[in-house]
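Below is one structure; the comments refer to it alone.
Just so you know, all these numbers are worked out from the coordinates, no wet-lab data involved. Remember, predicted model here, so these are calculated numbers, not experimental data. Cβ sites come from the backbone with ideal geometry, for glycine too, and all protein chains shown count toward neighbours.
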Amino acid sequence: MPYEGVPRSPRIGIGDIVVQNVPNDDLELQLVWLVALERHGHALTSQHLAQDWTGHIRHGCDEYSIAIRNLRRGIEPPESGQYDNWFHDGMGAAIRSEIWAMMFPGRPDAAGWFAQKDAVVDHWRDGVWAEIFLASAESRVLATGNIGEALRDSLADLPQDSRLARGLSLVFELFDAGTDAETARQAIVRRLDHPNFTDCVMNLGFIAFALLWGESDFITTVLLATNCARDTDCTAATCGAILGLAGGTAAIPGEWLARLSPELSLSPAIAAVPGVPRTLHELCERTVALQQRMAQGISPDRYPLYSPLPYSTPDRFDKARWLVLDGREHDIPAIRETLLREGRCPEALRPLVVETYGLRFDLSAHAREANTLHLFSFLCVEHPGAGPEEIYLSATADVGFTLWLDRRRVMNHHSRQLAIPSFHRTEGGAAFQYPLSHGERKLVHFILHSCRAPVGCTLMFGNAFNDHLDGFHLRMPS
């Protein structure tokens, strides 16, 4: 966990390992799913899991936060995972795969089917395929103990034109060619690199690499995964889980196994969920009992494969209206003063007002010859439920930018990083507390410098828990 998100290899060895018993969503969410499965059995649906999201998992980051936002707005699975979700290819679903494999050992199709029900709540396409791939591979590992064979067979089940299948195929090509571990690691890191450190394709490539080159040695495998960097807590945990599925507790060296606490470390929100296991012993007993129960009702027919929804433009809710101007073609200071004075778009500029849907504004059609783009809109705050001190603003763009609210410059950011529209790990911008009160109206002036396509920006409003808040509207009256 100390290396989560690092962009380069930490190059740690066995002497750098520290054992801590701390909460982690990789395990916690599966505990909630265990309780849901005990309640619903084979009748479990994505809607049941969505109810647990809204009932028990009140806050989250990235795809979790987007899914909660969508569910709160009445968008049900599978749309909740696809709709307006920049993080739909994140690792958030892949790390929840083990429970489905343990329910259906030797039935990878069933494990994948239930993993799909889980993943579509907050993911889409490769983000869903990632959990299906791991669940089906883990189901095979439980039946045969052969990790390499299980990974290959589950890769064959993926659509071969998917980004995930192409990334995993690269790993196997290097392995089959006899490439040494360090050369392979460098090649995989280079070829699968992604600006989002939780990207599932990149990180599943690291998992497959560590499992193949680790040769079932627990510490070697975990260190190989961690030294690929990026989403290290998830990659190392998944490798450890798969080794455990293949060899049980015997897969973990005794000196390390002895350091584990028998108590599960849970965050307060998960600990408050009725019926969640509190110890490793209880978790194991209930998992085995549930697997035996699930084995009774499993269909003899092969469960169907995942078929992603087509991409849809998020236009059900409040659309934003921006006046988009090329700085070379307009007198920006004069227009700015006119907007501040009159509170509406001048008639001559109305054809340049653009309607957008969703959180991210794609400006590629307006970017040419490294121009500077000036975006104007009026922020109208219609959120009576939170005090000004509770509001957080997140602004990101794929280029350097300056952000003004009325006559106050609130950001001047020129990192040149690709934007990550997140509250807790913002890249290509920043997230910070900014007091805004219900009923306020401010002129937003978003200046994007040296624009080349593709390019986009995002302006979001949330709270200290990384939740998206409704009632912050961007409007340009005519």
Among Gln116, Ser154, Ser261 the positive-end extreme of the charge dipole of region 14-296 (Cβ point charges)
Gln116
Helix-only CD estimate at 222 nm, as mean residue ellipticity for the chain, using -39500 (n - 2.57) per DSSP H run (n ≥ 4):
-12000 deg cm²/dmol
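Got a sec? How would Cys284, Cys200, Cys345, Cys228 order by Cβ neighbour count within 10 Å, fewest to most?
Details: Cys284 13, Cys200 35, Cys345 22, Cys228 26.
Least crowded to most crowded, the residues run Cys284, Cys345, Cys228, Cys200.
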Stretch Thr144-Arg441 to full length: gain in nm at 0.36 nm per residue minus the Cα-Cα span?
100.6 nm
Give the value in nm², to one decimal: projected area of the alpha carbon convex hull of the chain, averaged over all directions.
23.5
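Based on Cβ point charges of +1 for Lys and Arg and -1 for Asp and Glu, what charge dipole magnitude is obtained for the chain about its Cα centre, in debye rounded to the nearest 20?
Details: 43 positive and 59 negative charges, 230 e Å.
Dipole magnitude for the chain comes out near 1100 debye.
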Computed about the Cα centre, the charge dipole of region 11-82 from +1 Lys/Arg and -1 Asp/Glu charges at the Cβ has a magnitude in debye, to the nearest 20, of 220
I want the local charge near Arg407. Using Cβ-Cβ distances under 13 Å, sum +1 for each Lys or Arg and -1 for each Asp or Glu among the other residues.
+3
What is the distance in Å between the Cα centroid of region 257-290 and that of region 85-141?
21
What are the ³J(HN,Hα) values, in whole Hz, obtained from phi via the Karplus relation 6.51 cos²θ - 1.76 cosθ + 1.60 with θ = phi - 60°, for each residue of region 286-297 in sequence order, with x given for Gly and Pro?
6, 5, 5, 4, 5, 4, 5, 5, 5, 5, 6, x
What FRET efficiency comes out for Asp180 versus Asp470 if R0 is 60 angstrom and r is the Cβ-Cβ distance? Round to the nearest 0.05.
0.70
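For region 113-233, report the translational diffusion coefficient in µm²/s to the nearest whole number, using Stokes-Einstein at 20 °C, 1.002 mPa s, and a Kirkwood Rh over Cα pairs.
Values: Rh = 14.5 Å.
In µm²/s, the coefficient rounds to 148.
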Any chance you could check the Cα centroid distance between region 325-367 and region 6-70 for me, in angstrom?
41
Quick one: Lys442, Lys117, fewest Cβ neighbours within 10 Å first, how do they rank?
Lys442, Lys117
Net charge within 12 Å of His473 by Cβ-Cβ distance, Lys/Arg positive one each and Asp/Glu negative one each, not counting His473 itself?
+1
Quick one: what Rg and Dmax do you get for region 320-475 from the alpha carbons, in Å?
14.8, 44
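List the relative contact order of the chain as a percent without decimals, with contacts defined as Cα pairs under 8 Å and 6+ residues apart.
Across the chain, relative contact order equals 16 percent.
Grab the other residues whose beta carbon is less than 10 angstrom from that of Val455, score K and R as +1, D and E as -1, and report the net. Intermediate results must be reported in sequence, preceding the final value.
Details: positive: Arg452; negative: Asp362, Asp398.
So the environment of Val455 carries a net charge of -1.
If packing is taken as the average count of other Cβ atoms within 10 Å, what order do 255-265, 148-158, 98-108 fall into, highest mean first?
Details: 255-265: 11.9, 148-158: 18.4, 98-108: 24.6.
By packing density, highest mean first, the sequence is 98-108, 148-158, 255-265.
Cut-off is 10 Å between beta-carbons; in what order do Glu28, Glu173 appear when sorted fewest neighbours first? The partial results should precede the final answer.
Working: Glu28 21, Glu173 12.
Listed from fewest to most nearby Cβ atoms, that is Glu173, Glu28.
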Which one, Cys457, Ala320, Thr54, is farthest towards the positive end of the dipole of the chain when Lys and Arg carry +1 and Asp and Glu -1 on their Cβ?
Ala320
Express the relative contact order of region 157-278 as a whole percentage, based on alpha carbon pairs under 8 Å and six or more residues apart in sequence.
17
